[in-house]
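Visitor: Please see the structure below; I have some questions.
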Amino acid sequence: LMDPKDLKGILNLAKEKGIIVLSDEIYDRYVYEGNFVSVLSDPDWRDYVIYVNGFSKTFSMTGWRLGYVIARREVIERMSVIALNTFSCTPGFIQRAGVVALKGPREVIEDRIREFKRRRDVIYNLLKSIPGVKVVKPRGAFYIFPNVKEILDRVKLTTEDLALNILKEVKVVTLPGTAFPDRGGEGYLRLSFATNVENIKEGIARIKEYVESILSST
């Protein structure tokens, strides 16, 4: 989660410099601690914000490819022209499903968020038990980004090598942090906990066993 002070600073800079802020808030409901602050909380958002959200995460409608944008009228008009000439429109029955989802009960969503928080706690505690791993508990979404630099230094592997070896040796998929444009991902792995607790326990147990085996040989 972004600190509200940091968000305010970005928004003030955008207004001062005439920069358009594109804010993808698809994970806005997946918040476990703290409060999520949207760019739309700024009363002047219409002047410089393009807000993007969708139904894939909150309503588990990933295959429906349904989303929406909030922006100034002229921005929406330009986007409508592009949409008309690329995909025409989202099928009507999918749009109707989106309306049903928006009007539906919130208890189901709240139960899902509580379950994801439980999964977050499980994977966080398990990762902490792996030698050479440092990890910060995520406050939102369903990914965790453990620091594996100590392991890499000891066994002389790159982040990509470690991720590939984990896949080959114990059949667990992790994403090297270097898969993202920011090179700050070097020395990190990204794991998703969008699965049941049993799978999480099994997957982390395999990673732990593999890490312990390669560290014992150094």
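Please treat every number below as a calculation from the coordinates, not as lab data. Everything numeric in this text was worked out from a predicted model, so none of it was measured. We place every Cβ from the backbone using ideal geometry, glycine too, and count neighbours over all the protein chains shown.
Visitor: How much length would be gained if the chain were fully extended between Glu77 and Lys15, taking 0.36 nm per residue of separation minus their Cα-Cα distance, in nm to one decimal?
Guide: Result: 20.1 nm gained on full extension.
Visitor: Sort 23-29, 48-54 by packing, meaning the average of other beta carbons within 10 Å per residue, with the highest value first.
Guide: The most tightly packed comes first, giving 48-54, 23-29.
Visitor: Enumerate the amide H contacts of Val172 below 5 Å, restricted to partners 5 or more residues apart or on another chain; note that Pro and chain-start residues carry no placed amide H.
Guide: Residues meeting the criterion, in which the H sits 1.01 Å from N, are Leu167.
Visitor: Which residue, chosen from Val136, Ile94, Ile123, occupies the Cα position most advanced towards the positive end of the dipole of the chain, where the dipole is computed from +1 (Lys, Arg) and -1 (Asp, Glu) charges on Cβ about the Cα centre?
Guide: The residue sitting most towards the positive pole is Ile94.
Visitor: Mind pulling the angle between the C-alpha long axis of helix 73-84 and the longest principal axis of the chain? Nearest 10 degrees, somewhere in 0 to 90.
Guide: Relative to the chain, helix 73-84 is tipped by roughly 70 degrees.
Visitor: Which ³J(HN,Hα) values, rounded to whole Hz and listed in residue order, are derived for the range 162-169 from phi using the Karplus coefficients 6.51, -1.76 and 1.60 in 6.51 cos²θ - 1.76 cosθ + 1.60 with θ = phi - 60°, glycine and proline given as x?
Guide: 4, 4, 5, 5, 4, 5, 5, 7
Visitor: To continue, here is another question. Among 191-204, 70-83, 174-187, how do they line up from the highest to the lowest mean number of other beta-carbon atoms within 10 Å?
Guide: 191-204, 174-187, 70-83
Visitor: Right, next: When the chain is treated as a GNM, springs tying every alpha-carbon pair under 10 Å, which of Arg114, Arg154, Arg139 comes out with the largest mean-square fluctuation?
Guide: In the Gaussian network model the winner is Arg154.
Visitor: Okay, moving on. How much length, in nm to one decimal, is gained on full extension between Glu33 and Asn165, taken as 0.36 nm per residue of separation minus their Cα-Cα distance?
Guide: 44.1 nm
Visitor: Give me a comma-separated list of calculated 3J(HN,Hα) values for the range 55-66, in order, Karplus coefficients 6.51, -1.76, 1.60 applied at θ = phi - 60°, integers in Hz, x for any Gly or Pro.
Guide: Whole-Hz 3J(HN,Hα) from phi for the range 55-66: 10, 5, 8, 4, 10, 6, 10, 4, x, 7, 6, 10.
Visitor: In terms of modelled amide H atoms, which long-range or inter-chain residues lie less than 5 Å from the amide H of Tyr188?
Guide: Here Val148, Gly177, Thr178 satisfy the definition.
Visitor: If packing is taken as the mean number of other Cβ atoms within 10 Å per residue, what is the order of 34-44, 205-215, highest first?
Guide: Going from most to least packed, we get 205-215, 34-44.
Visitor: I've got another one for you. Skipping prolines and chain starts, which residues have an amide H placed within reach, meaning under 5 Å, of the one on Val49, given they are 5 or more residues away or on another chain?
Guide: Under 5 Å from the amide H of Val49: Val21.
Visitor: Using a basic spin-label model with each label point 7 Å from the Cα along Cα→Cβ, how many nm lie between Arg183 and Val197?
Guide: Once both label points are built, they end up 4.2 nm from each other.
Visitor: Does anyone have the angle between helix 107-128 and the longest principal axis of the chain? Alpha-carbon axes, 0 to 90°, nearest 10?
Guide: Approximately 30 degrees, to the nearest 10.
Visitor: Taking only Cα atoms and a 10 Å spring cutoff, compute GNM fluctuations for the chain and point out the largest among Leu13, Leu167, Leu127.
Guide: Leu13
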